[in-house]
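Read the structure below first, then the notes.
The values are calculated or read from the model by the stated rules, or taken from the named source; none is laboratory data. The structure presented is a predicted model; accordingly, all values stated were derived computationally and were not measured. Positions of Cβ are backbone-derived with ideal geometry, glycine not excepted, and every protein chain shown enters the neighbour counts. Remember, those area values only see protein heavy atoms, side chains included, never the ligands or the DNA or RNA. Shrake-Rupley method; radii C 1.70, N 1.55, O 1.52, S 1.80 Å.
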Amino acid sequence: MTDVTDGVLHTLFQSEQGGHEQVVLCQDRATGLKAVIAIHSTALGPALGGTRFYPYASEAEAVADALNLSRGMSYKNAMAGLEHGGGKAVIIGDPEKIKTEQLLLAYGRFVASLGGRYVTACDVGTYVADMDVVARECRWTTGRSPENGGAGDSSVLTAYGVFQGMRASAQHLWGDPTLRGRKVGVAGVGKVGHYLVEHLLTDGAEVVITDVREESVRRITDKFPQVTVVADTDALIRTEGLDVYAPCALGGALNDDTVPVLTAKVVCGAANNQLAHPGVEKDLADRGILYAPDYVVNAGGVIQVADELHGFDFDRCKAKATKIFDTTLAIFARAKEDGIPPAAAADRIAEQRMAEARHR
């Protein structure tokens, strides 16, 4: 992008953003493509993370999101035990208005130009069919359809992993790894959330949902009429008797406005970057709310797409995603031992693995 401002450049080099190795600003005027590819770390291996397609208000906002998301992927991949570092890409624009085959092909060429330092996959606004198109120009693409040698929808194992994290939270807090008889609120029942709802209902939970898209809500209620629907996220987090809150939409769900009014005792969801700013994890702990770190419990999807690079095997992936239960319990134990919130404990474990890799 040729019109990057000094403010965007400043954002790129802010030390608190995590010391990224490389940030690539991509523009293809013919297709209207404007994208940011952020590589946070390759200490554990090639950076792996999805492509988000979103109508950002500004380029600075897009860069900031790419930096935050890619840093999160480094920690997620480390905690998932993958031999991958963290990366993320964002395409600026409304996918329903500007997404075209030619734009995706142009994007694929930019990813390919990195020579395998970054491996891409699906994220908000991109789907399996999109990755099939990107893969025509870039062999470092995962999340493709089975017909094109891929693993298909990674939402299945993402939801499964979140469910395992939720079971671990129940074990830690209530001494029993089940949500049976618990009231769980799910904010966002799209690609991941609707699979999570199915796991919860099968386990015997009472489920309350909300989503800005009426069709997503309808898909749930048509299949599961016993599910309760509330108007919005504010109503959901204030729901009386709520045991678990599962943010499964965009990030920043846990902030100065929502944490004080949360009724749930556990937060465990699929959304990335749920903590709006540093310090929120302490606010949760001070209120006695157990937080299962988002990048730990939502790693099922990245486990799946990483496996695709070696010849996809669903049972092998599911077995790895099942270990999210044990990883989450280990984080809670480390948090108690060190006297810190679970989010800080997860960071310490991930940072230790990356530091050890750098010194090998």
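Structure values in brief
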quantity: Value of [θ]222 nm, deg cm²/dmol, for the chain, DSSP H segments ≥ 4, -39500 (n - 2.57) each, nearest 500; calculated: -13000 deg cm²/dmol
quantity: The range 90-108 and the range 231-249: distance between their alpha carbon centers, rounded to Å; calculated: 33
quantity: Inter-probe distance in nm under a simple model that places probes 7 Å from Cα toward Cβ, at E215 and A57; calculated: 2.7
quantity: Under 27 Å from the Cα of K76 - lysines, other chains or at least 8 residues apart; calculated: K34, K88, K191, K265, K282, K318, K320, K323, K336
quantity: By average C-beta atoms within 10 angstrom, highest first, the peptides 320-333, 150-163, 201-214; calculated: 150-163, 320-333, 201-214
quantity: Difference of contour (0.36 nm per residue) and Cα-Cα distance, D222 to R358; calculated: 43.9 nm
quantity: Most to least accessible of Y195, Y295 (protein chains only, probe 1.4 Å); calculated: Y195, Y295
quantity: J(HN,Hα) series, the range 185-201, from Karplus relation 6.51 cos²θ - 1.76 cosθ + 1.60, nearest Hz, glycine and proline x; calculated: x, 10, 9, x, 10, x, 4, 9, x, 6, 5, 4, 4, 4, 4, 5, 5
quantity: Contour minus Cα-Cα distance for R29 and E96 (0.36 nm per residue); calculated: 22.3 nm
quantity: Gyration tensor (alpha-carbon) shape descriptor, the range 218-360, a/c threshold 1.5; calculated: oblate
quantity: Rounded Å value of the spacing that divides the Cα centres of the range 161-201 and the range 266-302; calculated: 14
quantity: Aspartates and glutamates whose Cα lies under 15 Å from that of K97, excluding same-chain neighbours fewer than 8 positions away; calculated: D130
quantity: Contact order normalised by residue count of the chain, Cα under 8 Å, 6+ apart, percent; calculated: 15
